[in-house]
Amino acid sequence: MKTWKLIVSLLAILPLAGCWDRTELNELSITAATSFDRDEDQWVVSYQVVIPSAISGSMGNVKGGASQLPVIVYSTHGPTIREAVFQSAFESPRKLFFSHNRVVVISDEVARQGLKPIIDVYFRNPDARETVNVLIAEGKARKIIEQLMQIQIIPGDGIFETMRTENRLYSALPSTNMYELAMELTSSARNAAIPEILISGSRPVTTSDQMNSTTLSSKIRLG
């Protein structure tokens, strides 16, 4: 009897689905923040990609003692958002991974033309999460995700934590994620509030040399 039970159990296990595919971490480009701009009739999608080898403390050290930044930012172009994202395969050795994306920054030019294409991509893409926070920037959105922060290692995480801290302690600004944005735009009111993000100060901070100071020439600020 016990033998038959064992045989039946083994036969029941056989049809169960196993791990049919896998992607190793060293094959992924983990994206911490993205931005959307327009260049005439082209979409410009920018990615703030984490460099794992540089994240061992506040900054990593490469050979020769030079500081290595924890992120790199690059952009791709295309007539649609999907085609722009697909263009990354021509210049990146790793596949973009959006599940850890914390913030999406949209230029005011893109917002005026309509947010439907961005929302549509986020709801259709299985890697993207609808809980990502959305912000709007005057001028080019890419400049926001290029800006470095001192306290937070990864700027995308720093922007997200700044929004969460403001919402918890002061709550003067709306905290809107992609799902809430879609629901508000499809409601009877058909309007939504998106917080502004800007760079206050003079020269943008985009290099490791500029970080070696107690005072930065500019910083990211919620508007």
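The values are calculated or read from the model by the stated rules, or taken from the named source; none is laboratory data. Quick caveat, the model's predicted, so the values are computed rather than measured. Here the Cβ is made from the backbone with ideal geometry for all residues, glycine too, and neighbour counts use every protein chain on show. Remember, those area values only see protein heavy atoms, side chains included, never the ligands or the DNA or RNA. Shrake-Rupley method; radii C 1.70, N 1.55, O 1.52, S 1.80 Å.
Note on residue 7 and residue 211: the model spin-label points, each 7 Å out from Cα along the C-beta direction, lie 6.5 nm apart. Once Rg and the Kirkwood radius are both taken over the C-alpha atoms of segment 139-223, their ratio Rg/Rh works out to 1.05. Viscosity 0.692 mPa s, temperature 37 °C: Stokes-Einstein D of the chain from its Kirkwood Cα radius, in µm² per second? For these conditions, the coefficient is 169 µm²/s.
Angle of helix 155-169 to the longest C-alpha principal axis of the chain, folded into 0 to 90 degrees and rounded to 10: 80°.
Once you've got the GNM for the chain with C-alpha springs shorter than 10 Å, pick whichever of 187, 35, 208 has the biggest mean-square fluctuation. Among 187, 35, 208, the largest mean-square fluctuation in the Gaussian network model of the chain belongs to 187.
Highest mobility in the GNM of the chain, judged by mean-square fluctuation with C-alpha springs under 10 Å and restricted to 30, 197, 72, is found for 72. Each Lys or Arg adds one and each Asp or Glu takes one away; over the other residues whose Cβ falls under 13 Å from the Cβ of residue 38, this sums to -3. Highest mobility in the GNM of the chain, judged by mean-square fluctuation with C-alpha springs under 10 Å and restricted to 185, 96, 169, is found for 169.
What relative contact order, as a whole-number percentage, does the chain give when Cα pairs under 8 Å and 6 or more residues apart are counted? Worked out over the chain, it gives 18 percent. For the chain, the longest principal axis of the C-alpha atoms and the axis of helix 2-13 are separated by about 40°. Element breakdown for the chain at a 1.4 angstrom probe: carbon and sulfur atoms account for 55% of the accessible area.
How many angstrom lie between the C-alpha centres of segment 66-141 and segment 158-203? Going from one Cα centre to the other spans 17 Å. Mean residue ellipticity at 222 nm, helices only, the chain: -8000 deg cm²/dmol; runs of at least 4 DSSP H residues each add -39,500 (n - 2.57), and the sum is divided by the number of residues.
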